[in-house]
Amino acid sequence: MFFNNIFSWLIKRRIRQIDFFKNNPTAVQQNLLKNMLVKCSSTKFGGLFSFKDISDYQTFSKKVPLHDYTTIYPFIEEVLQGKQNILWPGLTSWFSKSSGTTSHRSKILPVTKEHLFDCHYKGGKDLLSLYYHNYPNRKLYNGKHLIIGGSSEINTLGKNSYIGDLSAIIIKNLPFWAEIRRTPSRETSLLANWEAKLDKMVKETIHEDVYILAGVPSWTLVLLKRILEYTGKKHIKEVWPNLELYMHGGVNFAPYKSEFEIIIGKKINYVETYNSSEGFYGIQDQPNSDELLLMLDYGIFYEFIPMETYDGLNSQTVLSLADIEVNKNYALVISTNAGLWRYIIGDTISFTSKTPYRFRITGRTSQCLNVFGEEVIVENADRAIADTCTETNAFLKDYAVFPIYLENKQQGAHEWFIEFSKEPKSKEEFTFILDQKLQAINSDYAAKRQGDFVLTLPTIHFLPKNTFETWLIRQNKLGGQHKIPRLNNTREIVEQLHQLIQDHV
């Protein structure tokens, strides 16, 4: 009761602040940038690009070049070596190991105190503030909060310096009022071995009174199914009768929602967030909409590259928040209180509103299918397969799509590798419906499918159980926050997947 009363008081204060940046987005972002530039003018990076001479966005965009991980890494490397005042004032002791889907090599990213507390923790608190605002008189702090996180290992820089998944850094540094409501134990949460962690999570949490569940949908389903197997129950509501909120992110939730509803066995609320190792960006702030509110006071300054002119670090058109248009696809560029400056994170979004700024995640700059000019993005594929699963009474686990090239008199096509938790009855019917759905969503794809002239009907493989899990194990990326790269313009891992299919035969 004490925590619920305190939190209810805090909510009202925070909602006023959220309303302020919703009503004054340009001013909030401009002031944030100015403060960051002043704060970092004496850092190595700030000196190199003359932060002390920059007083507005126009000058900032001209003086400071765009960066990606390759170009920013030499500065990060110095931070890793224990050097101070490189990208951000002072010493940075925490480093996040990114579980990005597009690279075999994990990225090591700095996590400053400001970034942890004023961005990621603030995002978590705001999620609950907005939830309480939308659903008054809730008592979430009467029960436990089950967070499915990643692993952590001690960095050799010192006893208080860590490298691990962002979720592990968050768990290691939680304030007491959050820690006492979290489950499972910290020791279990930080286990590196996913299988061992999964078993311990089941045994530690089935007797808890869980009100909130949080995690990537695919891995959360794995946990929920394991709990039902272990307890012999039919629905999660029999294990956790007071469960009322699932917080999710990382992938589109639409293909998974039907299975969640069946497994849980009762109506609960679902809230999406958009965050990554580089920052916390958006929260679903409306109960009846999947749009995300762009959070403007988290120590992140935003810029946007129109995808029709996107050319990586050579992109010529970069826009501030005030200059974006709705219903256009943009690559996201951020400058953060972790010391990432004009950093292209690789995600793409499309704004649905400017009053306030709300958006949807559309995919990755490097995850698309455009070998034949079809311009299929992750959002297109997610919607098409979600609708197809609904129509064919199937439950998706994961998927990946690759091009079949025009060569040796072979026509072009898309090759889908799909793993289900419940397969459709007919592969032929599923293939036809998926193709039709994608044509209805994407006119460029429909044009290339016309008459089978450029693209023929997709080739679809129904994968044996746990195929993608086996692939992740071989990449040393099993569990937690790791995700399958869904759209690929190359066939780099196709043979690996075919081999896994053969191994199962």
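The values are calculated or read from the model by the stated rules, or taken from the named source; none is laboratory data. Please read all numbers here as calculations on a predicted model, not as lab measurements. Cβ sites come from the backbone with ideal geometry, for glycine too, and all protein chains shown count toward neighbours.
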Subset of the range 301-348 [within 22 Å of K34 (Cβ to Cβ), among the charged types (D, E, K, R) and surrounded by fewer than 17 Cβ atoms within 10 Å (Cβ to Cβ)]: D323
Within the range 244-271, count every residue that is closer than 19 Å to S350 by Cα and part of a loop (DSSP other than H, G, I, E, B). 5
Just for the range 35-48: of the residues that are within 20 Å of Y73 (Cβ to Cβ) and touching a residue at least 40 places away in the same chain (Cβ under 8 Å), which one is surrounded by the fewest Cβ atoms within 10 Å (Cβ to Cβ)? K44
Considering Y274, Y298, which residue is touching a residue at least 12 places away in the same chain (Cβ under 8 Å) and either surrounded by fewer than 19 Cβ atoms within 10 Å (Cβ to Cβ) or assigned to a loop (DSSP other than H, G, I, E, B) (or both)? Y298
Top-ranked residue of the range 434-451 - restricted to ones that are modelled with pLDDT under 85 and over 19 Å from L487 (Cα atoms), ranked as surrounded by the most Cβ atoms within 10 Å (Cβ to Cβ): A447
P74 passes all but one of the listed conditions (1) modelled with pLDDT of 95 or more; (2) more than 29 Å from the chain's Cα centre (by Cα); the exception is number (2)
What residue, of V64, V79, is surrounded by 13 or more Cβ atoms within 10 Å (Cβ to Cβ), closer than 25 Å to F304 by Cα and not assigned by TED's automatic domain parsing to the domain that holds M201? V64
Is it true that N269 is within 23 Å of K122 (Cα to Cα), in contact (Cβ under 8 Å) with a residue 40 or more places away in the chain and surrounded by fewer than 18 Cβ atoms within 10 Å (Cβ to Cβ)? yes
Consider the range 301-323. How many of its residues are among the charged types (D, E, K, R) and either within 20 Å of H120 (Cα to Cα) or in contact (Cβ under 8 Å) with a residue 24 or more places away in the chain (or both)? 1
Just name the residue that is surrounded by the most Cβ atoms within 10 Å (Cβ to Cβ) out of those in the range 215-225 that are closer than 24 Å to Y274 by Cβ and of a type outside the set (G, A, S). P217
Looking at (1) of a type in the set (D, E, K, R); (2) touching a residue at least 40 places away in the same chain (Cβ under 8 Å); (3) within 30 Å of L48 (Cα to Cα), which is the only condition R360 fails? (3)
Those residues of the range 252-279 which are hydroxyl-bearing (S, T, Y) and over 17 Å from R364 (Cβ atoms), in sequence order: Y256, S258, Y270, T273
Quick one: which residue in L109, L127, L87 is part of a helix (DSSP H, G or I), modelled with pLDDT of 90 or more and not charged (D, E, K, R)? L127
Scanning the range 327-343 residue by residue, the ones that are within 23 Å of F117 (Cβ to Cβ) and outside any strand (DSSP E or B) total 5
Would you mind stating whether Y281 is buried (at least 17 other Cβ atoms within 10 Å of the Cβ), among the hydroxyl-bearing types (S, T, Y) and under 13 Å from the mean Cα position of the chain (by Cα)? yes
All positions within the range 314-326 that are assigned to a loop (DSSP other than H, G, I, E, B) and among the hydrophobic types (A, V, I, L, M, F, W, C): V318, I324, V326
Mind counting the residues in the range 243-268 that are in contact with an Asp or Glu (Cβ under 6 Å, 6 or more places away or on another chain) and modelled with pLDDT of 95 or more? 1
Mind checking which pairs have a first residue in the range 132-149 that is at positive phi and a second that is hydroxyl-bearing (S, T, Y) and outside any loop (DSSP other than H, G, I, E, B), Cβ under 9 Å, 6 or more apart or different chains? N137/S8
All positions within the range 158-185 that are modelled with pLDDT of 85 or more and of a type outside the set (V, I, T): R181, R182, P184, S185
Considering the range 191-214 alone, what residues qualify as being touching a residue at least 40 places away in the same chain (Cβ under 8 Å) and crowded, with 18+ Cβ neighbours inside 10 Å? L191, W194, K197, L198, M201, T205, V210, Y211, I212, L213, A214
